[in-house]
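The structure under discussion appears below in the form of structure tokens.
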Amino acid sequence: MEAELLLITCLSVVLCNPGDKIGHLCSQLLLGCDADCRLWSRLLWFRWLLCALLHDVTTFMVWACRKSLSLVRCWFRSPLFAELRRTRSLNAPSPIQQFGPCGRIMKNSAMVMTIQDPASQRLTWYKPPLTVLVIKKVRDVSVLSPFVQLVRWLIEEKRMVVFVEQSVMDDSLLLGNADFSGVKEKLMTFRDGKDDLTDKIDFIVCLGGDGTLLYASLLFQQSVPPVMAFHLGSLGFLTPFEFENFQEQVTNVLEGHAALTLRSRLRCIIMRKNEEVTKAKPPSNLLVLNEVVIDRGPSPYLSNIDLFLDGKHITSVQGDGLIVSTPTGSTAYAVAAGASMIHPSVPAIMVTPICPHSLSFRPIVVPAGVELKISVSPDSRNTAWVSFDGRNRQELFHGDSLRVTTSIYPVPSICSQDQISDWFDSLAECLHWNVRKRQKHLDELSDLTHSTSNDTLDSLDHTEQLDS
């Protein structure tokens, strides 16, 4: 009804200004209506002419609001409107372009698409960042020295307010560090799950492996400040920066000289069978950066899971489970289960079965704008278990369902070089993508230097025997 009233208002403006360009769009929409609709539209235009002659625009406005609802419904049923609506549903939801209190995408006057060209995604600050959250890898002695160097430099040189987790302050290895003792009192702390960091952090620095970036995503369940990740872990697929010259690299980012990769996240909502959803008690939702996994848990039976896409039943999964991943997560658990690798800028959702009891069940990629519904089949022998980026593991009972769609809150990951170079460098260095011995050139093969395309193996063997 709101959309119809909005369109009526727009039509009123158009009809009062028949030379407007929007009038051409309205006429195109009318071409998709049936004969009754076109007749009704002619009557509407005739009424407008009479009102215009009488200079009674107010009468027309009242009459249009009362009488044109049926016409608006015809327009909404027209093929062109259906095409516009269908096209919108195929695109990813437009991500927000503000990250934390002071970071955002640089405005581009040439940007007219909903999905921005990845090459134009560059970080800018509309006010200087003052607060920084430093996340370090836990239980790793090798990270302690870089952590202390970074924290001291940010406080003493950049005059920034540094936040760390409370557990860092209780680290026995850090307490004995003389350099850390000098800045310990100047650090701000928070407790995971208790303190809300929303609108308090301007910038995030991660020291460690990919898990530190996943933890940053977990801390911010809405808008995420820009994240700069240093490779100090074991794999480092999502951590493109080296720590050696951290001062120069951080300074460049703080000055706004950096490209961004907007890593989409999945919005996951569990709907319980016996729980009532009200405005006072909305369903809790989680945002995941890598994947949500539904599996059979400790049960010896196959999981039997129904998969719906935008309300339509697609298939039933019989196997160990199902992985629903983002493009970022396509290079994690999903690729180990046989999925393709998707660049993080591609708006998509990857659906990958885990050990399906079917030779034809291949991983699929669906548009980022759809909603997936996953539930335990009524005839399933067991329940299912669900985990979100490896955390918050819960049991799904019969009648429960999990709804997954793309969130409007991506993780703005800062690039070391650019989106393309960083991703392919990670593929090569971390996963050794397409690594093999090179085939020798013909000039390097002495046995084939005098052969032609007409030579056969028998003739070559005969030549070798004569030479011997």
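Taking the accessible area of the stretch 201-274, probe 1.4 Å, and keeping the other protein chains in place, the carbon and sulfur fraction comes to 47%. Measure up K127/K158; K137/K194; K136/K373 against 25 Å on the Cα-Cα distance and list the ones that go over. Those over the limit are K136/K373.
Relative to the 2.2 N^0.38 Å rule of thumb, the stretch 229-353 has a C-alpha radius of gyration ratio of 1.38. Rounded to the nearest Hz, the phi-derived 3J(HN,Hα) couplings of the stretch 317-330 under the Karplus curve 6.51 cos²θ - 1.76 cosθ + 1.60 (θ = phi - 60°) are 8, 10, x, 7, x, 8, 10, 10, 10, 7, x, 4, x, 5, where x marks glycine and proline. Shown in residue order for the stretch 174-186 are the 3J(HN,Hα) couplings computed by the Karplus curve 6.51 cos²θ - 1.76 cosθ + 1.60 at θ = phi - 60°: 6, 4, x, 8, 5, 5, 6, 4, x, 10, 4, 6, 8 Hz (x for Gly and Pro). Over all directions, how big on average is the projection of the convex hull of the alpha-carbon atoms in the stretch 111-234, in square nanometres? Taking a quarter of the hull surface, the average projection is 9.1 nm².
Shown in residue order for the stretch 123-137 are the 3J(HN,Hα) couplings computed by the Karplus curve 6.51 cos²θ - 1.76 cosθ + 1.60 at θ = phi - 60°: 7, 9, 10, 8, 7, x, x, 10, 10, 9, 9, 10, 10, 10, 5 Hz (x for Gly and Pro). Kirkwood analysis of the stretch 171-241, using all unique Cα-Cα pairs, places the hydrodynamic radius at 13.8 Å. Could you give the Stokes-Einstein D for the stretch 363-405 in µm² per second, using the C-alpha Kirkwood radius, 37 °C, 0.692 mPa s? For these conditions, the coefficient is 276 µm²/s. Think of a 1.4 Å ball rolled over the protein heavy atoms: the stretch 192-277 then has 42 Å² of accessible area per residue. List the residues, sorted by chain then number, that are 5 or more residues from I354 or on another chain and whose placed amide H is less than 5 Å from its amide H. Here D320, G321, L322, I323 satisfy the definition.
Excluding ligands, DNA and RNA, the accessible surface per residue across the stretch 358-439 is 57 Å² with a 1.4 Å probe. Here the stretch 125-195 exposes an accessible surface that is 48 percent carbon and sulfur, computed with a 1.4 Å probe and the other protein chains kept in place.
The values are calculated or read from the model by the stated rules, or taken from the named source; none is laboratory data. None of these values were measured; they are calculated from a predicted model. Accessible surface is based on the protein model in full, side chains and every heavy atom, while ligands, DNA and RNA are left aside. Shrake-Rupley method; radii C 1.70, N 1.55, O 1.52, S 1.80 Å.
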